[in-house]
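Contents: one structure, followed by commentary.
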Amino acid sequence: MKDIQTRLYHRLNWRIMSWIIVIYLMDSIDRTNLGFARTHISHDVGLDATQFGFAAGIFFIGLVLFEIPISLWASKVGAPRTFARIMVLWGMTSAATGFIHSRESFYILRFLLGVFEAGFAPTCTYYLARWYPENRMSGVIFWHQLSLPLAGILIGPVSGWLLSHFDQVGGLAGWRWMFVMEGLPSVLLGIVIVFVLPRTPMDAKWLSAGERQIIEGWSVRRNVRHVAFSAVIRDPAIYLLSLGFFALMAGMYMLNFWLPSLIHEAGVHSAMAVGLYSSFPYVVSVASMAYWSARSDRKKERSFHCYAPALLASACFVLTTVVPNVFALQLVILAGATAGIYASYVVFWALAANVFQGSAATGGFALINAIGLWGGFISPMAVGKLTTLTGTLSAGMVCMGITVALGAAILWSVTRTLTRGDVRSDMPAEIV
């Protein structure tokens, strides 16, 4: 039986997970390539650090406003159709950013990018939980979220190359080509994805009847906290969990949007060099994610593995402001911050994936994501404002260090309760 399950995992990884990794990779690229164009857009459009931070953050307003309704709708129409619609629209919007000529058009497109991406991450988590058992979810989320650091590894050199080699090709600036050429692949992939991903295990023609039954059995969680979305929105613990996620998102998007600027501030001025150096923290984070997710599954423990890496990240944020200004040392510490944030993020979603089931799943994931992603809105704006006031990114780093530390404390408190295996009153008897 174990050999059958192992072979089934391998088939799912090839047929399901490989596609999820690719589409999440395209999402991560279209979401974070903005940081590499900051200097060029600011010069051509006329933006100071505060205005750029607002443009980076307004994306999350559109995302948060539509996250829950789109996610609930996705559970009715199915994940593949939802992925296809989202990818086509966000790819077109990201590519259109290459044709902006004013602050207002920049703000509008960033807002629309958030609107069109709403529901993507919760639907991914819900979809994967339909295919994999709970004792594998930390590793599953690792492979799913591997796209985030992988995007960080690829986006630096690729964006740096596009900025350098396509500048003034056809009379267009390099940053305009960057948005167009990194956005259009999402459109093409969105057209393909609806034909290759089955909606449910029962729709997978490449599975036998027995394999479908095995996978359907895997999707039933033993210690689920909620199966109805109405119960989710009444649970204070879910809002505390969301606040912890808020802190993780604040730290993550501070790095995503400002890491190139931190490297530039350290004395690296070539666009290609900035891109290459920006990849290093994400390479380290891949190893960190793999270690913490595998250890979490092996130990069958989520709480410590969720908050401990966040504490490491918070310490690294603060350390960047007090250690000697040696570039190699600064880069290593930034890698520590990135590795800690991403490791905590992976285990966080592995924990959340086992908290909900039924109608609570997409809605619950969306509620946590919607609240947490305010960190992605506030963080770039706060760092931009502090940078404008102080003339350096150090104040923003300290601010993020404190924020992530508070988030780790919240996660320490709430995840211990959520992982005790308490069964809620809204749990149907057949699941209990």
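Residues in the stretch 322-343 that are open to solvent by 60 Å² or more (accessible area, probe 1.4 Å) and in contact (Cβ under 8 Å) with a residue 24 or more places away in the chain: how many?
Step one: filter the stretch 322-343 for residues open to solvent by 60 Å² or more (accessible area, probe 1.4 Å), giving 322, 324-326, 328-329, 332.
Then drop every residue that is not in contact (Cβ under 8 Å) with a residue 24 or more places away in the chain, which leaves 325.
Here the count works out to 1.
Select, from F116, F142, F111, the only residue that is touching a residue at least 60 places away in the same chain (Cβ under 8 Å), assigned to a helix (DSSP H, G or I) and on the phi < 0 side of the Ramachandran plot. Steps first, answer last, please.
Numbers: F116 fails: touching a residue at least 60 places away in the same chain (Cβ under 8 Å); F111 fails: touching a residue at least 60 places away in the same chain (Cβ under 8 Å).
When all the criteria are applied, what remains is F142.
Residues G160, G174, G170: which one is in contact with a Phe, Trp or Tyr (Cβ under 9 Å, 6 or more places away or on another chain), surrounded by 23 or more Cβ atoms within 10 Å (Cβ to Cβ) and not hydrophobic (A, V, I, L, M, F, W, C)?
Numbers: G174 fails: surrounded by 23 or more Cβ atoms within 10 Å (Cβ to Cβ); G170 fails: surrounded by 23 or more Cβ atoms within 10 Å (Cβ to Cβ).
When all the criteria are applied, what remains is G160.
Could you give me the residue pairs with C-beta distances under 7 Å whose first residue belongs to the stretch 370-399 and is over 22 Å from L240 (Cα atoms), whose second residue is among the β-branched types (V, I, T) and assigned to a loop (DSSP other than H, G, I, E, B) wherever it lies, and which are 6+ apart or on separate chains?
S394/T321; M397/T320; M397/T321; V398/T321
Go through (1) more than 30 Å from T39 (Cα to Cα); (2) open to solvent by 20 Å² or more (accessible area, probe 1.4 Å); (3) modelled with pLDDT of 75 or more; (4) not aliphatic (A, V, I, L, M) and name the single condition F246 misses.
So F246 meets the others, but not (1).
A quick yes/no check of all residues on (1) open to solvent by 50 Å² or more (accessible area, probe 1.4 Å); (2) closer than 28 Å to W143 by Cβ:
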{"site": "M254", "(1), (2)": "no, yes"}
{"site": "A266", "(1), (2)": "no, no"}
{"site": "L312", "(1), (2)": "yes, yes"}
{"site": "T320", "(1), (2)": "no, no"}
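Applying the selection to the stretch 64-102, what residues are at pLDDT 90 or above and among the β-branched types (V, I, T)?
Listed by number, the residues that qualify are T82, I86, V88, T93.
So how many residues does the stretch 47-70 have that are open to solvent by 20 Å² or more (accessible area, probe 1.4 Å) and of a type in the set (F, W, Y)?
2
Among the residues of the stretch 96-112, which ones are of a type in the set (A, V, I, L, M) and open to solvent by less than 10 Å² (accessible area, probe 1.4 Å)?
Taking the stretch 96-112 first, the residues of a type in the set (A, V, I, L, M) are 96, 100, 108-109, 112.
Listed by number, the list holds a single entry, I100.
Report, by residue number, each residue of the stretch 145-157 that is open to solvent by 10 Å² or more (accessible area, probe 1.4 Å) and either of a type in the set (G, A, S) or assigned to a helix (DSSP H, G or I) (or both).
Kept after step one, since they are open to solvent by 10 Å² or more (accessible area, probe 1.4 Å), are these residues of the stretch 145-157: 146, 148, 150, 153-154, 157.
Result: L148, L150, I153, L154, P157.
Does S186 qualify as being of a type in the set (S, T, Y), at pLDDT 80 or above and over 30 Å from K300 (Cβ atoms)?
Considered against the rule, which asks whether it is of a type in the set (S, T, Y), at pLDDT 80 or above and over 30 Å from K300 (Cβ atoms), S186 comes out as yes.
Evaluate the following for S28: is it in a helix (DSSP H, G or I), hydroxyl-bearing (S, T, Y) and touching an Asp or Glu at 6+ places or on another chain (Cβ under 7 Å)? Walk me through it before giving the result.
Values: in a helix (DSSP H, G or I): yes; hydroxyl-bearing (S, T, Y): yes; touching an Asp or Glu at 6+ places or on another chain (Cβ under 7 Å): no.
When the stated conditions are applied, S28 does not pass them.
Quick one: what pairs do we get from the stretch 288-305, first residue closer than 25 Å to L240 by Cα and assigned to a loop (DSSP other than H, G, I, E, B), second at pLDDT below 85 and open to solvent by less than 50 Å² (accessible area, probe 1.4 Å), C-beta under 9 Å, 6+ apart or different chains?
Qualifying pairs under 9 Å: R302/S138; R302/A350; R302/L351; R302/N354; R302/T415; R302/L418.
Do we find a residue being open to solvent by 30 Å² or more (accessible area, probe 1.4 Å) and closer than 28 Å to Y291 by Cβ anywhere in the stretch 76-83? Don't jump to the end; show me each part of the working.
Of the residues in the stretch 76-83, the ones open to solvent by 30 Å² or more (accessible area, probe 1.4 Å) are 76-77, 81.
Going one step further and asking which of them are closer than 28 Å to Y291 by Cβ, we end up with none.
Taking every residue of the stretch 76-83 in turn, none turns out to be open to solvent by 30 Å² or more (accessible area, probe 1.4 Å) and closer than 28 Å to Y291 by Cβ.
The values are calculated or read from the model by the stated rules, or taken from the named source; none is laboratory data. Since the structure is predicted, the reported quantities are computational estimates derived from the model, not experimental observations. Ideal geometry is used to build each Cβ from the backbone, glycine not excepted, and the neighbour counts take in all protein chains shown. With ligands, DNA and RNA removed, areas are computed over all heavy atoms of the protein, side chains included. Shrake-Rupley method; radii C 1.70, N 1.55, O 1.52, S 1.80 Å.
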